[in-house]
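Enquirer: Just dropping this structure here.
The values are calculated or read from the model by the stated rules, or taken from the named source; none is laboratory data. Bear in mind that the values here come from a model prediction, so they are computed numbers and not experimental data. We place every Cβ from the backbone using ideal geometry, glycine too, and count neighbours over all the protein chains shown. For the accessible areas, the whole protein counts, side chains as well, though only heavy atoms, and no ligand, DNA or RNA atoms are used. Shrake-Rupley method; radii C 1.70, N 1.55, O 1.52, S 1.80 Å.
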Amino acid sequence: MTEVRREVFGQMPQEEGGGVVEKFVLKSDTVKVEILSLGCIIAALETKDRDGKFSDVVLGFDTLEGYTRKHPFFGAVVGRVANRIAKGRFTVEGKEYQLFLNNGPNSLHGGARGFDKVLWSPQVLPNGVCFFRLSPDGEESYPGDLKVWVTYTLSGGELAVNYRAQTSKTTPINLTNHAYFNLAGQGSQDVYDHEISIEADAYLPVDDTKIPTGEVAAVQGTGFDLRQPVELGKHLQKFHLDGFDHNFCLQQAQARRLAARARHPPTGRAMEVYTTQPGIQFYTGNNLDGSLKGKGAVVYPKHSAFCLETQNWPDAVNKPHFPSALLRPGEEYNHTTWLLFNAA
């Protein structure tokens, strides 16, 4: 049985439009997750180690104030388009759109005020919570009124996140959750002792602004071959990598399939990621720099967490040979990701 509780988390500042931010606590025997109505943010996720001890394994803040200041999308749902769009520009049905540039020369995670920075309308379910919002035509320069539903449900050790959307005009869309994980417990210094595997035969090389070059490259014989578990710290050293911030190409299928596994041998905690999406962005917190004080007043240095963001391939709206990122009127965008936590 999943227990669902709602409580007030804080009040948005007036300059952000005011409004009450609620927190929804979903609790099973093995997992407890806290989700905010601001940005559908996963603010805490507690899971057991092999001795049955709970620890919070996601980065974030203790108070609303942390989330209303600039932060690297901790735990948030990002959109309308997650990841980067080259030069913030795309053309749909003959019309060119120019987005806000918030990541060097590119647009990242929905622009200046993306889905992570707005209040969503919650509805409590027997085993979770469904958030809704209408992103109006022209919001962040995207076309079409977009209705979006994000549903979190908890069943035993499995957290499911379902994303649905419908539009009034053809629009690019790519939704994901940007949780930062450290299975040793948030506040641990690094993730070098984690074992990671990703079920991908190919990845997308990127230019120096992190935009895919268009090549779909085989992982075989490279540092991107994570098909067998690697110990992260040793692997980065071996291949002289500063970290990962790359899309791995999953099998093209709408069915649920295993995308990635992360394991922390010292505690026994493990997480499996299943999805219907065609890609997964593996990011090792390269831009964390110890300047942010997180939960319990700990700082988050470089490589102190990793993200496994299930999504479409980055800049797909500008790359015709990538899986299509366009949603048309009369269609429904519908993807699910499942995070399965266990300990052994």
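Enquirer: Hydrophobic (A, V, I, L, M, F, W, C) and surrounded by fewer than 19 Cβ atoms within 10 Å (Cβ to Cβ): which single residue out of Ala270, Ala255 fits that description? Break it down stepwise before answering.
Expert: On the way: Ala270 fails: surrounded by fewer than 19 Cβ atoms within 10 Å (Cβ to Cβ).
Result of the check over Ala270, Ala255: Ala255.
Enquirer: Just to be sure before I move on: is Leu292 open to solvent by 20 Å² or more (accessible area, probe 1.4 Å), aliphatic (A, V, I, L, M) and either in contact with a His (Cβ under 7 Å, 6 or more places away or on another chain) or in contact (Cβ under 8 Å) with a residue 24 or more places away in the chain (or both) in the structure I sent? Give the steps one after another, and end with the answer.
Expert: Values: open to solvent by 20 Å² or more (accessible area, probe 1.4 Å): yes; aliphatic (A, V, I, L, M): yes; either in contact with a His (Cβ under 7 Å, 6 or more places away or on another chain) or in contact (Cβ under 8 Å) with a residue 24 or more places away in the chain (or both): yes.
Here the answer is yes, as Leu292 does meet what is asked.
Enquirer: For the range 217-252, name all the residues that are in contact (Cβ under 8 Å) with a residue 60 or more places away in the chain and open to solvent by 30 Å² or more (accessible area, probe 1.4 Å).
Expert: Gln252
Enquirer: Of all residues in the range 260-296, which are of a type in the set (A, V, I, L, M) and over 14 Å from the mean Cα position of the chain (by Cα)?
Expert: Of everything in the range 260-296, those that are of a type in the set (A, V, I, L, M) and over 14 Å from the mean Cα position of the chain (by Cα) turn out to be Ala262, Ala270, Met271, Leu288, Leu292.
Enquirer: So, one more: So, in the range 279-314, exactly how many residues are touching a strand residue (DSSP E or B) at 6+ places or on another chain (Cβ under 8 Å) and closer than 23 Å to Leu226 by Cα?
Expert: 18
Enquirer: Ala262 is checked against (1) touching a Gly at 6+ places or on another chain (Cβ under 8 Å); (2) in a strand (DSSP E or B); (3) closer than 30 Å to Asp49 by Cβ and fails just one. What number does that condition carry?
Expert: Of (1) touching a Gly at 6+ places or on another chain (Cβ under 8 Å); (2) in a strand (DSSP E or B); (3) closer than 30 Å to Asp49 by Cβ, only one is false for Ala262: (1).
Enquirer: On to the next question. Kindly check whether there is at least one residue in the range 98-107 that is closer than 19 Å to Val161 by Cα and in contact with a Gly (Cβ under 9 Å, 6 or more places away or on another chain).
Expert: no
Enquirer: Here is a further query. Considering Thr222, Thr151, which residue is within 26 Å of Ala86 (Cβ to Cβ) and either in a strand (DSSP E or B) or more than 22 Å from the chain's Cα centre (by Cα) (or both)?
Expert: Working: Thr151 fails: within 26 Å of Ala86 (Cβ to Cβ).
Every option except Thr222 fails the conditions.
Enquirer: Here's another thing I want to ask about it. From the residues in the range 153-169 that are among the hydroxyl-bearing types (Ser, Thr, Tyr) and touching a strand residue (DSSP E or B) at 6+ places or on another chain (Cβ under 7 Å), which one is farthest from Val33 (Cα to Cα)?
Expert: Checked the range 153-169; the qualifying residue farthest from Val33 (Cα to Cα) is Thr167.
Enquirer: Additional query: For Gly79, state whether it is over 23 Å from Glu158 (Cα atoms) and free of Cβ contacts under 8 Å to residues at least 40 places away in the same chain.
Expert: no
Enquirer: Sticking with this structure for a sec: Name the single residue, out of those in the range 1-37 being in contact with a Lys or Arg (Cβ under 6 Å, 6 or more places away or on another chain) and open to solvent by less than 70 Å² (accessible area, probe 1.4 Å), that is farthest from Ala179 (Cα to Cα).
Expert: Looking only at the range 1-37, we keep the residues that are in contact with a Lys or Arg (Cβ under 6 Å, 6 or more places away or on another chain), and these are 3, 7, 9, 22, 24-25, 30, 34, 36.
Next cut, open to solvent by less than 70 Å² (accessible area, probe 1.4 Å) only: 7, 9, 22, 24-25, 30, 34, 36.
Working: Glu7: 21, Phe9: 19, Glu22: 18, Phe24: 16, Val25: 16, Thr30: 19, Glu34: 12, Leu36: 13 Å.
Result: Glu7.
Enquirer: Between a residue in the range 326-344 that is under 18 Å from Gln252 (Cβ atoms) and any residue that is open to solvent by 40 Å² or more (accessible area, probe 1.4 Å), which pairs come within a Cβ distance under 6 Å, given they are 6 or more apart or on different chains?
Expert: Taking only residues 6 or more apart or on different chains, the pairs are Asn334/Arg164.
Enquirer: Search the range 133-154 for residues being of a type in the set (S, T, N, Q) and farther than 19 Å from Ala325 by Cα, and hand back the single one that is surrounded by the most Cβ atoms within 10 Å (Cβ to Cβ).
Expert: Among residues in the range 133-154 that are of a type in the set (S, T, N, Q) and farther than 19 Å from Ala325 by Cα, the one surrounded by the most Cβ atoms within 10 Å (Cβ to Cβ) is Thr153.
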